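Working notes, structure below.
The values are calculated or read from the model by the stated rules, or taken from the named source; none is laboratory data. What you see is a predicted model; the values in this text were computed from it and never measured. All Cβ positions, glycine included, derive from the backbone under ideal geometry; neighbour counts span all protein chains shown. These accessible areas exclude ligands, DNA and RNA; they are computed on the full protein's heavy atoms, side chains included. Shrake-Rupley method; radii C 1.70, N 1.55, O 1.52, S 1.80 Å.
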Amino acid sequence: MSYELLGWPPDGPKLPLDHKRFSYAGKFVMTNTGKAVARDGETIVAAIAFNEDRTDERTLWLRYVTVAHDRRGEGIGPELVSLVRDHAAERGYERVRIAVNNPFAYEALYRAGFAYTGETTGIAELVLEYQSSTASENDPTGAKRERDTYQAGLDEFRDRDLSTEETDFLESRVGSEPPDR
């Protein structure tokens, strides 16, 4: 498996993904977002589109993360997110944020070092954040990777109409600590 940064916003490449294999495939043809991919040989198996926050130049947003349907659950997403997260820190971003709409993505982002902020978007997505070590020292109020914070995010999902797989997943996490990075 190889992980590769293809471009940085606002000059990211078009990335045509097969809509049958990837969720959000149409979002990756925009050129105003940066892109990163995971490849198995020559085949793309995951992708991320990202851009700078419009109002805070210290914040990078991961807009879309997608893993091929047949490759989900292999840890590819958290690995690819970590690549972008580390490049963002190198470029001086103090925080990286993402909004997630399901408990599987929530868990995957925790594995990449993110934590629930307690915020939600207008479309009921939970906002998670990763802070660089500099930002964490300067802003002790930032997102923390504590058990209570992790469980609070899971509770947000428990109050929703979920699939059997999502319900079972959430049940398996009752009272647990955040997953290791």
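Numbers below:
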| item | result |
| --- | --- |
| Size of electric dipole in the chain: Cβ of Lys, Arg +1 and of Asp, Glu -1, about Cα centre, debye, nearest 20 | 500 debye |
| Gaussian network model of the chain, springs between alpha carbon atoms under 10 Å - residue of 169, 114, 104 with greatest fluctuation | 169 |
| Gaussian network model of the chain, springs between alpha carbon atoms under 10 Å - residue of 43, 31, 149 with greatest fluctuation | 43 |
| Relative contact order of the chain, defined on C-alpha pairs under 8 angstrom at six or more residues apart (%) | 15 percent |
| Straight-distance crosslink candidates among lysines, where the alpha carbon sits under 28 Å from residue 144 and sequence neighbours closer than 8 are dropped | 35 |
| Under the Karplus curve 6.51 cos²θ - 1.76 cosθ + 1.60, θ = phi - 60°, whole-Hz ³J(HN,Hα) for region 30-45, x wherever Gly or Pro sits | 5, 9, 8, 10, x, 9, 9, 9, 10, 10, 10, x, 9, 8, 6, 10 |
| Cα gyration tensor, the chain - rounded (a/c under 1.5), prolate or oblate | oblate |
| Which of 174, 100, 29, 65 is most accessible, then next, and so on - probe 1.4 Å | 174, 29, 65, 100 |
| Contour excess over end-to-end distance, with Cα ends at residue 27 and residue 56 and 0.36 nm allotted per residue | 8.2 nm |
| Percentage relative contact order, region 10-62, counting C-alpha pairs under 8 Å, at least six apart | 27 percent |
| Projected label distance in nm at residue 155 and residue 176, using a 7 Å step from Cα toward the beta-carbon | 1.9 nm |
| Accessible carbon and sulfur surface of region 68-181 relative to its total accessible area, %, 1.4 Å | 42 percent |
| Listed residues 42, 119, 107, most fluctuating in the chain (Gaussian network, C-alpha, under 10 Å) | 42 |
